[in-house]
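The values are calculated or read from the model by the stated rules, or taken from the named source; none is laboratory data. Since the model is a prediction, treat every value here as computed from it, not as a measurement. All Cβ positions, even for glycine, are placed from backbone atoms using ideal geometry, and neighbour counts span all protein chains on display.
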Amino acid sequence: MLVEAPFEALSSEGETSVTGLSDTTTLANGVKMPWLGLGVWMAKDGEEVKRAVRAAIEFGYRSIDTAAAYANEEGVGQAIRESAFPRDQLFITTKVWNANQGYESTLAAFEESRKKLQLDYLDLYLIHWAVPGRYLDTWRALVRLYKDGRVRAIGVSNHQPEHLEDIMAHSDVTPMVNQVEFHPYLTQRPLLDFCRKHNIQLEAWSPLFRGGDLLTHPVITTLAEKYGKTPAQIILRWDLQQQVVTIPKSVHRERIKENAEVFDFELAEVDMDQISGLNANRRSFDYDPYNVNF
């Protein structure tokens, strides 16, 4: 039996008037997922990631996103236990890495991640990248885990419409989430529209872009001054108003707090359009979702 967590949900229409960290989107299977969470990519295992997770929970975050490839699942799990926060109030995501894809190997990788996190179940399990010739077998394993009740929701990461269509053609379970690089330099509008059409929740990683130049772009800094917010807060609010789940990463306590303070204002439509107009199909990294050879 799947475990249901008692989050407060937005309306079924996905309204953008998100008012706090406890607000959620409802996935296709009815599971509720927080709109904003903490990403822990590049956070060192041990004290660094533990401090970040503890700070996030203290400031009201209920969603933590990690991955086997981040090599910090043990620290994330320790921080969750040390926080003494009720498990059923948290939403924990991890991902199967490329080298472990395949049916049996994915089942084994899931169990290894679960043990490192020291959790009885996971809230969301994702295929990290669409490895050619392997992601369909990997998806079969995720469906098995889902139907067995070991994970409450399943999805993918870095998958494009062609990958999603392939999965949907070969399975009776559609991915519930697609986590992709998404920010004003890479708006991925066709993918966003595809996911909306098929009731797949889009989730943004690297929402602030790597390198920092997005945070100093004149459009962003002008809007930050207009709304009395930081550039990062403007961008995160832009995500939320597009109904995109967002997981900014940070290991700095003050930044984690700042990233959560995006629920007391709303961007005007004209300002949303300005930000979207920055799209340049520019990625933070050289990883190609159509050529996954890593």
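Hey, can you tell me all the residues within region 193-224 that are outside any loop (DSSP other than H, G, I, E, B), of a type in the set (Val, Ile, Thr) and surrounded by 17 or more Cβ atoms within 10 Å (Cβ to Cβ)?
ILE220 - this is the single residue of region 193-224 that is outside any loop (DSSP other than H, G, I, E, B), of a type in the set (Val, Ile, Thr) and surrounded by 17 or more Cβ atoms within 10 Å (Cβ to Cβ).
Can MET33 be described as farther than 28 Å from LYS197 by Cα, within 19 Å of the chain's Cα centre (by Cα), modelled with pLDDT of 60 or more and aliphatic (A, V, I, L, M)?
no
Before we move on, is ARG152 among the basic types (Lys, Arg) and more than 15 Å from MET176 (Cα to Cα)?
no
When you check LEU240 against the structure, is it surrounded by 18 or more Cβ atoms within 10 Å (Cβ to Cβ) and either under 18 Å from the mean Cα position of the chain (by Cα) or without any contact (Cβ under 8 Å) to a residue 60 or more places away in the chain (or both), yes or no?
Against the criterion (surrounded by 18 or more Cβ atoms within 10 Å (Cβ to Cβ) and either under 18 Å from the mean Cα position of the chain (by Cα) or without any contact (Cβ under 8 Å) to a residue 60 or more places away in the chain (or both)), LEU240 qualifies.
Any residue in region 141-156 that is surrounded by fewer than 24 Cβ atoms within 10 Å (Cβ to Cβ) and touching a His at 6+ places or on another chain (Cβ under 8 Å)?
no
Among the candidates PHE285, PHE263, single out the residue that is surrounded by 12 or more Cβ atoms within 10 Å (Cβ to Cβ), of a type in the set (Phe, Trp, Tyr) and in a loop (DSSP other than H, G, I, E, B).
Selected residue: PHE263, the only one of PHE285, PHE263 that is surrounded by 12 or more Cβ atoms within 10 Å (Cβ to Cβ), of a type in the set (Phe, Trp, Tyr) and in a loop (DSSP other than H, G, I, E, B).
Mind checking which residues of region 56-77 are at negative phi, surrounded by fewer than 21 Cβ atoms within 10 Å (Cβ to Cβ) and touching a residue at least 40 places away in the same chain (Cβ under 8 Å)?
Selection gives PHE59, ALA68, ALA69, GLU74.
What about VAL131, is it in contact with a helix residue (DSSP H, G or I) (Cβ under 7 Å, 6 or more places away or on another chain), buried (at least 23 other Cβ atoms within 10 Å of the Cβ) and of a type outside the set (S, T, N, Q)?
For VAL131, the condition - in contact with a helix residue (DSSP H, G or I) (Cβ under 7 Å, 6 or more places away or on another chain), buried (at least 23 other Cβ atoms within 10 Å of the Cβ) and of a type outside the set (S, T, N, Q) - is not met.
Output the residue which, of all residues in region 243-289 that are in contact with an Asp or Glu (Cβ under 6 Å, 6 or more places away or on another chain) and among the hydrophobic types (A, V, I, L, M, F, W, C), is farthest from LEU192 (Cα to Cα).
Here the residue is VAL251.
Could you tell me whether any residue of region 14-22 is outside any helix (DSSP H, G or I), at pLDDT 95 or above and surrounded by fewer than 16 Cβ atoms within 10 Å (Cβ to Cβ)?
No, that holds for no residue.
Can you report the number of residues in region 50-71 which are over 16 Å from the mean Cα position of the chain (by Cα) and part of a loop (DSSP other than H, G, I, E, B)?
3
Which is crowded, with 24+ Cβ neighbours inside 10 Å, more than 16 Å from TYR290 (Cα to Cα) and not acidic (Asp, Glu), of HIS170, HIS183, HIS159?
Just one listed residue meets the conditions, HIS183.
One residue is enough: does region 29-44 have a residue meeting the conditions of a type in the set (S, T, N, Q) and surrounded by 21 or more Cβ atoms within 10 Å (Cβ to Cβ)?
No, the conditions are met nowhere in region 29-44.
Got at least one residue in region 228-239 being within 30 Å of ARG51 (Cα to Cα) and among the polar types (S, T, N, Q)?
yes
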